[in-house]
Structures are given as structure tokens and as C-alpha cells.
1. Can you run down the residue pairs with Cβ atoms below 9 Å, 6 or more apart or on separate chains, where the first is in the range 473-488 and outside the structural domain of F441 (by TED's automatic domain parsing) and farther than 17 Å from Q293 by Cβ and the partner is among the hydrophobic types (A, V, I, L, M, F, W, C) and modelled with pLDDT of 85 or more?
2. Kindly indicate which of N28, N93, N119 is closer than 30 Å to V178 by Cα and either of a type outside the set (A, V, I, L, M) or modelled with pLDDT under 90 (or both).
3. Of the conditions (1) over 60 Å from the mean Cα position of the chain (by Cα); (2) touching a residue at least 60 places away in the same chain (Cβ under 8 Å); (3) surrounded by 13 or more Cβ atoms within 10 Å (Cβ to Cβ); (4) closer than 30 Å to G142 by Cα, V64 fails just one. Which one is it?
4. What strands (runs of 3 or more DSSP E), lying completely within the range 233-290, carry at least 1 residues that are under 23 Å from A345 (Cβ atoms) and of a type outside the set (K, R)?
5. Scan the range 295-315 for residues that are among the charged types (D, E, K, R) and within 48 Å of the chain's Cα centre (by Cα) and jot them down.
6. Select from the range 170-221 the residues that are exposed (fewer than 13 other Cβ atoms within 10 Å of the Cβ), part of a loop (DSSP other than H, G, I, E, B) and on the phi > 0 side of the Ramachandran plot and list them in ascending order.
7. Any residue in the range 369-379 that is among the small types (G, A, S), at pLDDT 90 or above and not assigned by TED's automatic domain parsing to the domain that holds I468?
8. I'd like to verify a number: residues in the range 316-342 that are touching a residue at least 40 places away in the same chain (Cβ under 8 Å), under 22 Å from D524 (Cβ atoms) and surrounded by 15 or more Cβ atoms within 10 Å (Cβ to Cβ), how many?
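The values are calculated or read from the model by the stated rules, or taken from the named source; none is laboratory data. Note that the coordinates shown come from a computational prediction; the quantities given were computed from them, not determined experimentally. Using ideal geometry, Cβ is built from the backbone for each residue, glycine included, and neighbour counts are taken over all protein chains shown.
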Amino acid sequence: MNSRFSKRIFLTLMFGILIVSASTVFANEGSCLLKIVAANDLAKTGTVFVDGKLKGLLELGELVIFDLDIGTHKITVDGKLIEKQEIDVAFENAYESKQIDVKAIPGRRAVRIISEPSNALIRVNEDWIGQKTPWQIVLEVGRTYEIELLKDNHGSTVETLDISEKGEVIVLDIAVPVATPPDEPRLVYPSNGATDLTIGEVFLEWEHFDTALQFEVDFNGESYTTRSSVIPVQLIEKGRVYTWKVTAINEFDKRSSSEEFSFTTLQNMLPNEPSCLFPGNGTDNYPDAVILQWVCEDPEGDRLSYDVIFGEGDALCTREIGIPSSKLLVSELKSGTQYFWKVIAKDDYGGVTVGPLWTFSTKASTSTEDSKAGSLFGNENSSDDSCQVDVLKEKIVSLEWALEELKILVRENTRLVENTLISLITTGSSACSAVQGSNYFTKEFGKGLQIKIESDFKGSSILHDSDILMILNEIYALRATKISLNGKRVLPYTYVRCVGATVIIDDEPTQIMPIVIEVLGDYDYLVSGLGLLKEYFAGREIDMSFLPVEFITIPAFNE
């Protein structure tokens, strides 16, 4: 009896020891530790699950989980603002501890965009995504977005979308309204009905009150496109009515037009009546070649051209048409004959002024003289050498006589030319400026004309002071003021002399043949004005040649 009782006590004690031992083993297998740390602020919004069971929040920055079993556990971090993350953590030994850092990324939500009308371009915040409605995009949660839809030639609209958390697809069904036309432009200048516009460039100006506009400018039948509120146009006719209006066009091709304005350019003023310079009206005793010279101005400074009517008595005819020069050489004149002539001045705008009728007479000659001399520019076929000499003598005398007449004209017109140059200089057409009471002209460059004059200095081909001055004054008369002579700048008051084959400029000798004159200006215009002089010098066996030059340097001058 006692023996059985003792056995029972022993068995009971042994079973208790086994239970305690098993509990100790089980405790060791479930005592692992896991620390989860939020690696960014967004992760603090996460909720932690271990093997699918909720374990806590990361709002304090970390979460410690105790008593995890040995083995692999699936750690899930999820939340309304973050993307779901799953991490496998394995414990191999009892009482093992581990730490994982969780860096959350923003959660995303799908947005479906539908519009009426469809095929509208989509802008999300600052970016046009390059797609048209209907379209679906995925956006981060926890943000506010600006969604713009733009339909070509229709309109646009802007919506604000706040995505606070993850969830189902957001559907945006947006109606795009029809855009309104822009405000009408208000025309500013020239004012409607203005009558004081001069020809040349004028700037049309208007006001507008919308942004991102394009403008179509209808000006006198021509159309111009610009994004500015001012545009230059050319007025080319005097006394003409011009019309203009402006149409504003917005990005949806909606249009609004201004009222139509009109303005008128000033009427053209006729050229002044031409005045005779040479030969004097009613004078006589001229040789068989004469350079007709006149003066004519336009009150508005317009460029003039001339028709010259010339002849004997009732036999007047048009000698030249549309010449730019105010000089004309007439030759092969009859001896002892009265000639009549007049000039018709024309500007570029249809203005015409007919000058008075002038007259002069050539000197009478005997029949013997006629048979010897013939015409100044005629061809002599006589084989008699003495007769040839007599003819040449007559030509020389006649040319020298014409030269004296030209000298008189040069003296009479020098002051006029100088006054014109002074006026040009003071208005800024020359690079002249006052420096400590002296005259200073800077070095200047440009295209122009090079004149070469060559002579053998025999008989009538000898160059005189008056020849050089005559050439310079002709150049001044063509309003060319930037001139160099043998490499030195020439001004209206420059002292020029010819001593033998040497040209002296302000008491300083320069090179001998050839004499070189360079002028800045339009080559064709200058040559047309100097053509008569070339003919005149050719009759004296002096060669005067013209050469266009792309780059001429006119030296500086400091007095």
C-alpha cells in the first residue's frame, strides 16, 4: 500500500518536471525581438502587420515586436498615404534580435479623365502629358493637382483635384466650355482721318487687353501678322488715302476686329521753276559746243529728273528725257544760229514743272573758217596736213573759250555749294564735330567712286587749277561731301593748286600722274552727274576714268 503510494508521488513529481522543462523549451523558441524603424516621415503614417496580424503603428518612428518564433515572418507596412511594402525577416536562433528600416514611398491612385468634347489635351500641374481625353493616369496621394483640358479651336478649363488617400479610381468628367473672343483692339496711331502723314516709314500702333494674342493687320490691301502691338509700314505715295484695321486672335482662333481707320499722306508739292545758269538767257557769241546748266530745287527735297527741250525756232524737240543731272552738253551747233531751250523738272511722285523758254546764239563765222574747223566733235577726212592743224587749233580755241565760261560758273556757284555743305554738316550728314574750337572730321569708310585723271601735259591737255576745282565743285553739286584727293581729305575751304604735274593741297605737294579722287556715295548716280565733264576733258585729250570701289577710306582731318 505504502509502496504504491510512493510510486504515485514519484510519477507525479516527474510529470511536473517534464511539464516545466517543456514550458522552458517553448519559451526559448518564442522569444525573438524585431525592431521596425521609420526611415522617413512618410513611413510614420504606416501600419505594421506580422504574418497578417496587426502589430501596431509607426507614428512614433519605431515599433518593437517581442516574442517572435524562430523561423521566417512576413512583415507588411501599409497605409492610406503610402505604397504597401512586404519584407521577409528570418530568425535562426532563440532570443535573436533584428532591426529593419522602412522607407515609405508615396501611395498612388488612378485618375480617369473624360471630357466633352473629347480629344482635349491634358495638363497636370506644369506638364502637358502629350495625351488627349479620354485618358487614365496614376498620381501620388497626399497632393493637390491642377488639371487643365484644352480643346483646339474650342476652349479650355482648369480643375483642382485633391487626392487625400489611396482608394478606387477617381473619375473626372469635365465639360470644356466654348472660349469667348478676345476684346477688340483699340487703334491708337495714326488717328482716324489724319491728313498730315509724310511718305516713308510709319509705325501703326494699337492697344489690347488680353494676353497670348496674335494680330492680323490689314493695311491697304496687304496683310501682316505679328504678336506685337506695333508694326512698321511704308507710305510710298503722296496725297493717298491709306486704310488699316487690326484683328486679335486668341489661342482658340477666336477673333475680334477693330474698327477701320483711314489717314491721308500730304499732297505732293511741285518742283520749283528751273532757273537758267548758263548760257545766260539772250546772250550770244558761243562756240559750236555748249554745256547747258540750270538750277532747280524741290520744296520737299524730293529727287528730281529733267527733260530738256532744245532746237532752233520752230524746230524744238526733246533732246533728253529723265536725266538726273542739271547739265547737258549740246554740240555740233551751227554758226550764227539762235537756239531755244527749256527744262521740265519732274519729281518721283508725278509732280511736273515746266521752265520758261531761254535762248542763246552761237558766234558767226566766215565760210573759210567753217570749212577749216567743221564741228567741234566732227571727224575730219582731209588729207591736207595744214588743214588738219588748223582744225585742231580751232577746236582748242573753242574748248578754251568754253573752259572760261565754266570757270565763271564755278566762281558763281562756289558760295552756293559751300553754304549747302555747311548746312549738311550742321545737320549731321558729315562726321564733323567741334573739338576745342577746331574742325575735326573722323576717318570714314564705304562704297563709292574712284576717279583717275591722266594727261601728257601738252597743249590743251595741260591741267589747270580751275580744272581740279571744276571737278570738285561738280562732286559737291551731287551732294557728295566725303572726298579725298591724292589721299588727302578735301573740304569746301581746302586750298588746291596745280603746279605743272604736281597737285598742291593746303601748301603740301602730292603725287603726280595719275590724279586720284575718291568719293563715298552711289557709283551710278555720281557717274551720271560727271559724264559731261568726262566728255569735256576727252576733247582736250585728258583721260578721266571711273571705277566702282567696294571699300574706300576717306582720311580724317583735324585743323
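1. Every condition considered, no pair remains.
2. One residue alone meets the criteria, N119.
3. (2)
4. Per the criteria, 261-265, 275-278, 283-286.
5. E297, D298, E300, D302, R303, D307
6. Of everything in the range 170-221, those that are exposed (fewer than 13 other Cβ atoms within 10 Å of the Cβ), part of a loop (DSSP other than H, G, I, E, B) and on the phi > 0 side of the Ramachandran plot turn out to be G193, A212, G221.
7. no
8. The qualifying residues number 6.
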